[in-house]
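Participant: Structure provided below as structure tokens; questions to follow.
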Amino acid sequence: MTGVKLDPDTGERIRKVWRNDGRGNYLARHMPGHPLASKSGRCLAHRASLFEKLGGADADCAWCQRPLTWAISPPSSELIDGRAALTCDHLDGNVRNNLPGNLVPSCLGCNSRRRVKPRIPPTPKSPR
């Protein structure tokens with residue numbers, strides 16, 4: 001199949017998804033039935049990796065402690081029960097590094113602010 005690669009760890013199909021914002025390519029996996037998968041069965045690899053790391057649970061922003069939820073797809077400003085959309089922040093700024101240790105939950109505001117500032121080794125806030 002042209003343009004389709006297999007994940008060396010899982011053997012699942014992965015595809016590159018171009019983001020029009022010019023930041024780079026995000027990998028998408030064919031994961032039908034996954035809670036974060038689109039109708040076509042595609043799920044962004046970094047979101048799936050962080051979802052598994054967190055056990056599918058909602059979380060707080062690693063930077064400002066704002067309550068977040070997986071129930072809203074970013075970049076939405078919608079709130080559900082006071083929780084905002086959970087975005088995945090790549091600590092090293094490399095969108096291709098989807099290892100669980102490189103991903104933390106972030107609100108859209110904190111993720112956007114970290115994108116425009118130089119990437120300094122981060123220190124997420126401790127839960128209150």
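Every number here is computed from the coordinates shown, using simple stated rules; none is lab data. All values reported here derive from a predicted model rather than from experimental measurement. Using ideal geometry, Cβ is built from the backbone for each residue, glycine included, and neighbour counts are taken over all protein chains shown.
Participant: Go ahead and run the numbers for FRET between H30 and R96, Cβ-Cβ distance against an R0 of 22 Å, rounding to 0.05. List each step's numbers first, then the result.
Facilitator: On the way: r = 18 Å, r/R0 = 0.82.
The value I calculate is 0.75.
Participant: Using the 10 angstrom Cβ neighbour count as an exposure proxy, how do R96, R29, R114 rank, fewest first? Write out the running numbers ahead of the final one.
Facilitator: Numbers: R96 13, R29 21, R114 18.
In order of increasing Cβ crowding within 10 Å: R96, R114, R29.
Participant: Next question, about the same structure. How many angstrom lie between the C-alpha centres of the stretch 72-100 and the stretch 41-56?
Facilitator: Distance between centres, Cα-based: 11 Å.
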